[in-house]
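Nothing in this text is a laboratory measurement; each read-out follows from the coordinates by a stated rule. These numbers come from a predicted model, not from an experiment. Virtual Cβ from ideal backbone geometry, glycine too; neighbours counted across all protein chains shown.
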Amino acid sequence: GQNNLNAKLVLLGDMGAGKSSLVLRFVKGQFLEFQESTIGAAFFSQTLAVNDATVKFEIWDTAGQERYHSLAPMYYRGAAAAIIVYDITSIDSFARAKKWVLELQKQGNPNMVMAFAGNKADLEDKKKVTVEEARAYAEENGLFFMETSAKTSINVNDLFYEIAKRLPRA
Ligand code: GTP
Ligand code: MG
């Protein structure tokens, strides 16, 4: 019915940033210290209740390794939402995330709900990207921003919930 919505969601970001770990936490409530690097992409689905509606996320967890870059458009094309993930302990992953945002701004669906996730928030002592810097960047680019931890589960459900709330309703 009108209150049930299917939404294609894609995760993009540097290898090792924690895309698969965020999905595994959200879909299965699990975390693996030695999560294997994704090959190509992996598909998951999960339904969330938001107010009086249900949102069924069809999730594409892409591979961050550079050699898979050319596959990405297949996954973000037609996506209603994207989560761009960086690792708060890695300046390189932050730079890579900004490149993904640029690519989506140029080639993605203009109505896409975009979330910017600074993952590994549990590693506060190794932090290299400040909340202030990331939030300022996100605000300039109209992204919704959160720090997350797939390990402790901090903000992981909230991230998906906030995306679900922002999806346009039919
Ligand atoms: P690719 O598939 O290669 O693109 O990487 P990915 O972005 O899917 O990263 P993945 O989820 O495989 O995580 C990489 C490593 O970081 C794994 O060893 C995870 O256990 C670890 N990791 C992921 N999220 C967190 C987190 O929130 N905190 C900590 N401490 N480690 C994390
Ligand atoms: Mg992965």
Positive end of the charge dipole of the chain (Lys, Arg +1 and Asp, Glu -1 on Cβ, about the Cα centre): tell me which of THR54, SER149, VAL131 has its Cα farthest that way. THR54
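For a test of the definition: using alpha carbon positions, the gyration tensor, and the 1.5 limit on a/c, classify the chain as rounded, prolate or oblate. Present the calculation step by step, with values, prior to reporting the outcome.
Numbers: a/c = 1.35, a/b = 1.28, b/c = 1.06.
Rounded, because the longest to shortest axis ratio a/c is under 1.5.
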Rounded to the nearest 20 Debye, what is the dipole magnitude of the chain about its Cα centre when Lys and Arg each give +1 and Asp and Glu each give -1 at the C-beta? 460
Under 5 Å between amide hydrogens, which residues at least 5 positions from PHE57 or on another chain qualify, with H placed 1.01 Å from N in the peptide plane? ALA7, GLN46, THR47, LEU48
In order over the stretch 92-105: 3J(HN,Hα) from phi, Karplus 6.51/-1.76/1.60, θ = phi - 60°, whole Hz, x for each Gly or Pro, gives 4, 5, 5, 4, 5, 4, 4, 5, 5, 4, 4, 4, 5, 5
Spatially proximal aspartates and glutamates relative to LYS120 (Cα-Cα < 14 Å; intrachain offsets below 8 disregarded): ASP14, GLU33, ASP87, GLU147
Taking amide hydrogens as modeled 1.01 Å from N in the peptide plane, which residues meet the under 5 Å criterion relative to ALA79, leaving out close sequence neighbours? ASN109
For the stretch 150-166 and the stretch 25-104, what is the separation of their Cα centres, given in Å? 13
Flagged links, alpha-carbon separation over 27 Å, of LYS98/LYS151; LYS8/LYS127; LYS56/LYS126; LYS28/LYS99; LYS106/LYS126; LYS19/LYS98: LYS8/LYS127; LYS56/LYS126; LYS28/LYS99; LYS106/LYS126
Taking H as built 1.01 Å from N, whose amide H comes closer than 5 Å to the amide H of GLU147, not counting residues under 5 places away? GLY118
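Give me the extension gain from MET15 to ALA53: residue separation times 0.36 nm, minus the current Cα-Cα distance, reported in nm with one decimal. Numbers along the way, then the final one.
Values: separation 38, 0.36 × 38 = 13.68 nm, distance 3.38 nm.
The MET15-ALA53 span can extend by a further 10.3 nm.
Would you work out if the stretch 96-152 is rounded, prolate or oblate? Take a ≥ b ≥ c from the square roots of the eigenvalues of the alpha-carbon gyration tensor; rounded if a/c is under 1.5, else prolate when a/b is larger than b/c, oblate otherwise. Don't skip to the answer; put the middle values down first.
Numbers: a/c = 2.34, a/b = 1.97, b/c = 1.19.
Prolate is the answer for the stretch 96-152, as a/c is 1.5 or above and a/b outweighs b/c.
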Of PHE26, TYR75, LEU159, which is farthest on the positive side of the dipole of the chain, counting Cα position, with +1 on Lys and Arg Cβ, -1 on Asp and Glu Cβ, and the Cα centre as origin? TYR75
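What number, in percent, do you get for the relative contact order of the chain if the mean sequence gap of Cα pairs under 8 Å and at least 6 apart is divided by its residue count? Provide the component values of the computation, followed by the final result.
On the way: 322 pairs, mean separation 43.9, N = 170.
Over the chain, the number comes to 26 percent.
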Where labels lie 7 Å past Cα in the beta-carbon direction, separation of LYS126 and VAL27 in nm: 2.5
Helix 131-140 vs. the chain, principal-axis angle (Cα, 0 to 90°, nearest 10): 50
Residue by residue through the stretch 65-82, the couplings from Karplus 6.51 cos²θ - 1.76 cosθ + 1.60 with θ = phi - 60°, in Hz, x for Gly and Pro, are 4, 4, 5, 9, 3, 5, 7, 4, x, 4, 8, 8, 4, x, 6, 7, 8, 9
Residue by residue through the stretch 13-25, the couplings from Karplus 6.51 cos²θ - 1.76 cosθ + 1.60 with θ = phi - 60°, in Hz, x for Gly and Pro, are x, 4, 4, x, 5, x, 4, 5, 5, 5, 5, 4, 5
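Go through 147-158, 27-38 and give me the packing order, highest mean Cβ count within 10 Å leading.
The packing order, highest mean first, is 147-158, 27-38.
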